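The values are calculated or read from the model by the stated rules, or taken from the named source; none is laboratory data. Computed from a predicted structure; not experimentally measured. We place every Cβ from the backbone using ideal geometry, glycine too, and count neighbours over all the protein chains shown. Please note that ligands, DNA and RNA were not included when accessible areas were found on the heavy atoms of the full protein model with its side chains. Shrake-Rupley method; radii C 1.70, N 1.55, O 1.52, S 1.80 Å.
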Amino acid sequence: MLWLYLPLVIVGVVLFFFLALLLLGRYKNGALLRPLITRLSRIGFMRRFFTRVSAAAIERQNPELAGAMKKMNAVSSNPNPQAVQKAMSRLTPSERRAYMEAAGEQGAVPDSANRQMRRQAERMQQQARGGRPGGGGAARKRKRKRK
(Lines give C-alpha, C1' and ligand atoms only; values in the text may rest on other atoms or scores of the structure.)
Protein backbone atom coordinates (compact mmCIF):
# COMPACT_ATOMS: atom_id res chain seq x y z
CA MET A 1 0.00 0.00 0.00
CA LEU A 2 2.92 2.34 0.73
CA TRP A 3 4.19 2.04 -2.85
CA LEU A 4 1.10 3.93 -4.09
CA TYR A 5 2.40 7.12 -2.47
CA LEU A 6 5.87 6.80 -4.03
CA PRO A 7 5.06 8.82 -7.22
CA LEU A 8 3.53 11.60 -5.12
CA VAL A 9 6.63 11.73 -2.89
CA ILE A 10 8.94 11.90 -5.92
CA VAL A 11 6.91 14.69 -7.54
CA GLY A 12 6.81 16.54 -4.22
CA VAL A 13 10.60 16.33 -3.78
CA VAL A 14 11.24 17.51 -7.34
CA LEU A 15 8.78 20.37 -6.85
CA PHE A 16 10.48 21.33 -3.57
CA PHE A 17 13.94 21.44 -5.20
CA PHE A 18 12.61 23.47 -8.12
CA LEU A 19 11.03 25.96 -5.71
CA ALA A 20 14.27 26.17 -3.70
CA LEU A 21 16.28 26.87 -6.88
CA LEU A 22 13.80 29.54 -7.88
CA LEU A 23 14.06 31.29 -4.51
CA LEU A 24 17.87 31.07 -4.46
CA GLY A 25 17.95 32.60 -7.93
CA ARG A 26 15.85 35.57 -6.79
CA TYR A 27 17.74 36.25 -3.56
CA LYS A 28 20.70 38.66 -3.94
CA ASN A 29 20.63 38.33 -7.72
CA GLY A 30 21.56 34.65 -7.62
CA ALA A 31 24.64 34.96 -5.38
CA LEU A 32 23.66 31.87 -3.39
CA LEU A 33 22.77 29.93 -6.52
CA ARG A 34 26.18 30.29 -8.23
CA PRO A 35 28.07 27.80 -6.02
CA LEU A 36 25.28 25.30 -6.46
CA ILE A 37 25.36 25.71 -10.25
CA THR A 38 29.14 25.24 -10.35
CA ARG A 39 28.82 22.00 -8.40
CA LEU A 40 25.97 20.77 -10.57
CA SER A 41 27.88 21.64 -13.75
CA ARG A 42 30.41 18.92 -12.92
CA ILE A 43 27.77 16.47 -14.14
CA GLY A 44 27.91 16.21 -17.94
CA PHE A 45 24.26 16.56 -18.88
CA MET A 46 23.79 19.41 -16.39
CA ARG A 47 26.76 21.32 -17.85
CA ARG A 48 25.30 20.97 -21.35
CA PHE A 49 21.91 22.11 -20.06
CA PHE A 50 23.38 25.18 -18.31
CA THR A 51 25.45 26.03 -21.40
CA ARG A 52 22.39 25.80 -23.64
CA VAL A 53 20.26 27.90 -21.29
CA SER A 54 22.91 30.61 -20.87
CA ALA A 55 23.54 30.75 -24.63
CA ALA A 56 19.82 31.17 -25.26
CA ALA A 57 19.64 33.97 -22.67
CA ILE A 58 22.63 35.78 -24.19
CA GLU A 59 21.13 35.37 -27.66
CA ARG A 60 17.93 37.08 -26.52
CA GLN A 61 19.75 39.92 -24.75
CA ASN A 62 22.66 40.56 -27.10
CA PRO A 63 22.58 38.76 -30.49
CA GLU A 64 25.96 40.20 -31.57
CA LEU A 65 27.66 38.80 -28.47
CA ALA A 66 25.99 35.42 -29.05
CA GLY A 67 27.34 35.31 -32.60
CA ALA A 68 30.81 36.28 -31.42
CA MET A 69 30.75 33.63 -28.71
CA LYS A 70 29.78 30.94 -31.22
CA LYS A 71 32.70 31.92 -33.43
CA MET A 72 35.14 32.16 -30.51
CA ASN A 73 34.08 28.82 -28.98
CA ALA A 74 35.78 27.04 -31.88
CA VAL A 75 39.08 28.40 -30.58
CA SER A 76 38.47 27.86 -26.86
CA SER A 77 39.88 24.33 -26.93
CA ASN A 78 43.19 25.61 -28.37
CA PRO A 79 43.79 29.11 -27.00
CA ASN A 80 47.09 29.94 -28.70
CA PRO A 81 47.46 33.60 -29.75
CA GLN A 82 47.46 32.89 -33.50
CA ALA A 83 44.20 30.94 -33.33
CA VAL A 84 42.57 33.63 -31.20
CA GLN A 85 43.72 36.33 -33.63
CA LYS A 86 42.36 34.32 -36.57
CA ALA A 87 38.99 33.90 -34.84
CA MET A 88 38.90 37.62 -33.94
CA SER A 89 39.48 38.49 -37.60
CA ARG A 90 36.35 36.50 -38.51
CA LEU A 91 34.14 38.64 -36.27
CA THR A 92 32.10 41.49 -37.69
CA PRO A 93 32.79 44.93 -36.19
CA SER A 94 29.61 44.83 -34.08
CA GLU A 95 30.43 41.32 -32.84
CA ARG A 96 34.00 42.35 -32.03
CA ARG A 97 32.74 45.38 -30.10
CA ALA A 98 30.25 43.28 -28.13
CA TYR A 99 32.87 40.61 -27.40
CA MET A 100 35.46 43.13 -26.21
CA GLU A 101 32.90 44.83 -23.96
CA ALA A 102 31.89 41.50 -22.44
CA ALA A 103 35.52 40.45 -22.01
CA GLY A 104 36.30 43.78 -20.34
CA GLU A 105 33.37 43.35 -17.94
CA GLN A 106 34.47 39.82 -17.06
CA GLY A 107 38.08 40.86 -16.64
CA ALA A 108 39.09 38.34 -19.31
CA VAL A 109 41.43 40.78 -21.02
CA PRO A 110 44.66 40.09 -19.13
CA ASP A 111 47.58 42.43 -18.89
CA SER A 112 49.92 41.18 -21.56
CA ALA A 113 53.40 40.13 -20.63
CA ASN A 114 55.39 42.04 -23.20
CA ARG A 115 55.15 45.24 -25.20
CA GLN A 116 54.24 43.56 -28.48
CA MET A 117 51.26 41.75 -26.96
CA ARG A 118 50.08 44.92 -25.18
CA ARG A 119 50.20 46.90 -28.42
CA GLN A 120 48.42 44.14 -30.31
CA ALA A 121 45.64 44.13 -27.66
CA GLU A 122 45.42 47.93 -27.88
CA ARG A 123 45.08 47.70 -31.67
CA MET A 124 42.31 45.12 -31.36
CA GLN A 125 40.45 47.32 -28.88
CA GLN A 126 40.97 50.33 -31.14
CA GLN A 127 39.50 48.40 -34.09
CA ALA A 128 36.60 47.21 -31.94
CA ARG A 129 35.75 50.82 -31.09
CA GLY A 130 35.92 51.78 -34.75
CA GLY A 131 39.10 53.82 -34.57
CA ARG A 132 42.17 53.67 -36.74
CA PRO A 133 44.52 50.81 -35.88
CA GLY A 134 47.61 52.99 -36.32
CA GLY A 135 46.62 55.34 -33.52
CA GLY A 136 45.30 58.83 -33.89
CA GLY A 137 47.89 60.84 -32.05
CA ALA A 138 50.59 63.10 -33.36
CA ALA A 139 53.38 61.50 -35.30
CA ARG A 140 56.50 60.77 -33.32
CA LYS A 141 59.78 62.29 -34.24
CA ARG A 142 62.65 59.89 -34.20
CA LYS A 143 66.07 60.98 -33.22
CA ARG A 144 68.82 60.49 -35.70
CA LYS A 145 71.79 58.54 -34.62
CA ARG A 146 74.93 60.59 -34.64
CA LYS A 147 77.93 59.11 -36.30
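Among the residues in region 63-83, are any more than 30 Å from R119 (Cβ to Cβ) and out of contact with any Pro (no Cβ under 7 Å at 6 or more places or on another chain)? Spell out how you get there, then give the answer.
To start, the set of residues in region 63-83 that are more than 30 Å from R119 (Cβ to Cβ) comprises 63.
The next check asks that each one be out of contact with any Pro (no Cβ under 7 Å at 6 or more places or on another chain); those that pass are 63.
For region 63-83, residues more than 30 Å from R119 (Cβ to Cβ) and out of contact with any Pro (no Cβ under 7 Å at 6 or more places or on another chain): present.
With (1) modelled with pLDDT of 85 or more; (2) open to solvent by less than 70 Å² (accessible area, probe 1.4 Å); (3) of a type outside the set (V, I, T) as the list, and E64 as the residue in question, which single condition is left unmet?
Here E64 meets the rest and fails (2).
Kindly indicate the residue of region 1-58 that is in a helix (DSSP H, G or I) and hydroxyl-bearing (S, T, Y) and also least open to solvent (accessible area, probe 1.4 Å) among those meeting that condition.
Going residue by residue through region 1-58, those that are in a helix (DSSP H, G or I) are 2-30, 33-40, 44-58.
In the following step, the residues that additionally are hydroxyl-bearing (S, T, Y) were identified as 5, 27, 38, 51, 54.
Details: Y5: 134, Y27: 118, T38: 84, T51: 80, S54: 57 Å².
The qualifying residue least open to solvent (accessible area, probe 1.4 Å) is S54.
Of the residues L8, L2, which is hydrophobic (A, V, I, L, M, F, W, C), at pLDDT 85 or above and either within 18 Å of Q125 (Cβ to Cβ) or over 17 Å from the mean Cα position of the chain (by Cα) (or both)? Talk me through it step by step, then tell me what you get.
Values: L2 fails: at pLDDT 85 or above.
After ruling out the rest, the residue left standing is L8.
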